[in-house]
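Scroll down for the structure; my scribbles are underneath it.
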2 protein chains.
Amino acid sequence: MNQDGVDLERSLGYLLKEASSVLRAAMEEVLRPLGMSVTHYSCLELLAQRPGLSNSELARGAFVTRQSMNVLLQALERDGYVTRPAEASVGKVLPARLTPRGRRSLEKATVAVRSVEVRMLAGMTETEQSGAFRILQSMVHSLRDGNDGA
Amino acid sequence: MNQDGVDLERSLGYLLKEASSVLRAAMEEVLRPLGMSVTHYSCLELLAQRPGLSNSELARGAFVTRQSMNVLLQALERDGYVTRPAEASVGKVLPARLTPRGRRSLEKATVAVRSVEVRMLAGMTETEQSGAFRILQSMVHSLRDGNDGA
DNA sequence: TGATTCATGTCAGCATTCTGACATACATTG
DNA sequence: CAATGTATGTCAGAATGCTGACATGAATCA
């Protein structure tokens, strides 16, 4: 096993990828016992905080394509966690909402995920946390404005 | 389109996922013209900086399973970007190395990726960057020590 | 009004990654 | 030395996400 101090070890991009990977693994670990994937949880959490989101909006919020979110939504609807009207009242948009069962399922998951986030922030001061927040936001804006956000 | 100020907007975990997603998209965008995926590039970059890494070590460095890295390595070997000895000299470990062709291919990719990283860091001071570095490292350590790193 | 542009929901096919499993090689330990 | 544990490379099947494509509804604009 090599242990050179090389460029990758100094790249913020690489470190960002690593952090995201570790966070995802930690979330999968606590969600697996609940039979829930990260995207699955993200969808439910989004719906809890913004009831009536459409499939496309949920996809953007969970950082997947609307096609991927669609298959998930259909499964969640089939299993009774989510409801959508059979026909759109205005355009083609079908606003989704949590069922009581979906809300119950989300509660356990939220507790589990929050524990991960708490663990992630352990050892960081309030000041550091808000600093991290600003910096990550800055990265997102810089990357978006640069090319595809125009 | 809703625009409530909700919890997700204040979650560092969510923001981390967003940043990672945007970074990945930006990298894919500049690597696509070169016919290269992010994992593909990561593998080459790792080999350039640490020649002789094994398949499993490359997998850990690129945050994928060794099975996934194996299919990539076989393709890279078939196309002449990478070489591995036919038989292991010591254990089962097959140390991989870049061919001249692999090195040439990597050079263009490195330029492209560096431009993305520069764009990402635009508007951040040196102090902020090293602060971000420390904070991300802290997150990684906290999450790892908590469960699977023991 | 009619044409164009854009966003949505959804279907089908493809690509990538993962999980599971197996044989092998070394290290450790009794 | 034998047994166990750990790590590796690799194959096969399953899951997940993506790209491409289509029809439809709404908004924009000449």
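For this structure, a couple of remarks:
- Residue identified as more than 30 Å from A:Met124 (Cα to Cα) and in contact with a helix residue (DSSP H, G or I) (Cβ under 9 Å, 6 or more places away or on another chain) among B:Ser68, B:Ser138, B:Ser142: B:Ser68
- Restricting attention to the range B:60-76 and to residues that are within 18 Å of B:Ala88 (Cβ to Cβ) and open to solvent by less than 10 Å² (accessible area, probe 1.4 Å), the residue that is farthest from DNA strand C (Cβ to nearest atom) turns out to be B:Leu73.
- So A:Tyr41, is it of a type in the set (Phe, Trp, Tyr), without any contact (Cβ under 8 Å) to a residue 40 or more places away in the chain and in contact with a helix residue (DSSP H, G or I) (Cβ under 6 Å, 6 or more places away or on another chain): no
- Residues that are closer than 19 Å to A:Gly13 by Cα and either open to solvent by 70 Å² or more (accessible area, probe 1.4 Å) or touching a residue at least 40 places away in the same chain (Cβ under 8 Å) (or both) within the range A:124-136 comprise just one, A:Arg134.
- Screening the range B:120-148 for residues that are among the small types (Gly, Ala, Ser) and part of a helix (DSSP H, G or I) and picking the one that is farthest from A:Glu117 (Cα to Cα) gives B:Ser130.
- Considering only residues in the range B:94-123 that are open to solvent by 20 Å² or more (accessible area, probe 1.4 Å) and at the interface with chain A (Cβ under 9 Å from one of its Cβ atoms), the one that is nearest to B:Glu28 (Cα to Cα) turns out to be B:Glu117.
- Residues satisfying the criterion are absent from the range A:72-79 (criterion: modelled with pLDDT of 95 or more and in contact with an Asp or Glu (Cβ under 9 Å, 6 or more places away or on another chain)).
- The C-beta contact set for the range A:95-119 (first residue assigned to a helix (DSSP H, G or I), second residue of a type outside the set (S, T, N, Q) and open to solvent by 60 Å² or more (accessible area, probe 1.4 Å), distance under 7 angstrom, 6+ apart or interchain) comprises A:Lys108/A:Leu34; A:Ala109/A:Leu34; A:Ala112/A:Leu34.
- Residue match in the range A:66-77 (condition: away from chain B (no Cβ under 13 Å) and not in a helix (DSSP H, G or I)): no
- The residues listed here are B:Arg32, B:Arg97, B:Arg101, B:Arg119; of these, the one that is in contact with a Ser or Thr (Cβ under 7 Å, 6 or more places away or on another chain) and either modelled with pLDDT under 95 or away from DNA strand D (no atom under 16 Å from the Cβ) (or both) is B:Arg119.
- Among the residues making up the range A:28-53, those that are hydroxyl-bearing (Ser, Thr, Tyr) and more than 9 Å from chain B (Cβ to nearest Cβ) are A:Ser37, A:Thr39, A:Tyr41.
- Hits in the range B:12-38 (condition: surrounded by fewer than 17 Cβ atoms within 10 Å (Cβ to Cβ) and among the hydroxyl-bearing types (Ser, Thr, Tyr)): B:Ser21, B:Ser37
- Criterion (surrounded by 16 or more Cβ atoms within 10 Å (Cβ to Cβ), within 10 Å of DNA strand D (Cβ to nearest atom) and without any contact (Cβ under 8 Å) to a residue 24 or more places away in the chain) met by exactly one of B:Glu87, B:Glu57: B:Glu57
- Residue match in the range A:133-143 (condition: within 15 Å of B:Leu136 (Cβ to Cβ), facing another protein chain (nearest Cβ under 7 Å) and in contact with a Gly (Cβ under 8 Å, 6 or more places away or on another chain)): yes
- Of all the criteria given as (1) among the charged types (D, E, K, R); (2) closer than 28 Å to A:Ala19 by Cα; (3) within 13 Å of DNA strand C (Cβ to nearest atom), the one not satisfied by B:Glu87 is (2).
The values are calculated or read from the model by the stated rules, or taken from the named source; none is laboratory data. Given the structure is predicted, the values throughout are model-derived calculations rather than measurements. So basically every Cβ, Gly included, is an ideal-geometry build from the backbone, and we count neighbours across all protein chains shown. Quick note on the areas: whole protein, heavy atoms, side chains included, nothing else; ligands and nucleic acids left out. Shrake-Rupley method; radii C 1.70, N 1.55, O 1.52, S 1.80 Å.
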